[in-house]
Amino acid sequence: MVCKVKSLSDLFQVLADPTRLQIVELLNSECRSVSALVKATGRSQPLVSHHLRILRICGLVEGERRGAMTYYRLTDDSVWEAVERCRQLVIASETEASRIAV
């Protein structure tokens, strides 16, 4: 997905990738450099940069140059709020499914 998010399904496609979702979660708490994201995710620098590019093009993150480094942050707190709300729905669904299975 290499375009501005224009529909809910586009947003879910972008966030469906586990690495991108992990990056969004990490950027929720603070701005981070690519090298910090590489270390935190355990992924290679080219792969992290690829995912940041997709998130940036889709308008979910933005980068700021500070000397030789670029630091990334979420463009809006609502990005993380939406992810967290979906996480809560998944937890509730799993809880309900396990309750019914017993």
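Listed values, structure above:
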item: Angle between the chain longest axis and helix 18-29 axis [Cα atoms, degrees, rounded to 10]; result: 80
item: Sites R73 and F12, calculated FRET efficiency, Cβ-Cβ separation with R0 30 Å, nearest 0.05; result: 0.90
item: On Cα atoms only, tilt of 45-57 relative to the major axis of the chain in degrees; result: 80
item: Spin-label pair E62/S44, simplified geometry with 7 Å Cα→Cβ offset, distance in nm; result: 3.1
item: The chain: relative contact order in percent, alpha carbon pairs under 8 Å with at least 6 residues between; result: 27
item: 10 Å Cβ shell holding at most 16 others, DSSP loop, trypsin sites (Lys or Arg not before Pro): longest site-free stretch of the chain; result: 7-102
item: Accessible area of the chain divided out per residue, in Å², using a probe of 1.4 angstrom; result: 62
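The values are calculated or read from the model by the stated rules, or taken from the named source; none is laboratory data. If you're wondering where the values come from, they're calculated on a predicted model, not measured in any experiment. As a convention, Cβ positions derive from the backbone with ideal geometry for all residues, glycine included, and neighbour counts pool all protein chains shown. Remember, those area values only see protein heavy atoms, side chains included, never the ligands or the DNA or RNA. Shrake-Rupley method; radii C 1.70, N 1.55, O 1.52, S 1.80 Å.
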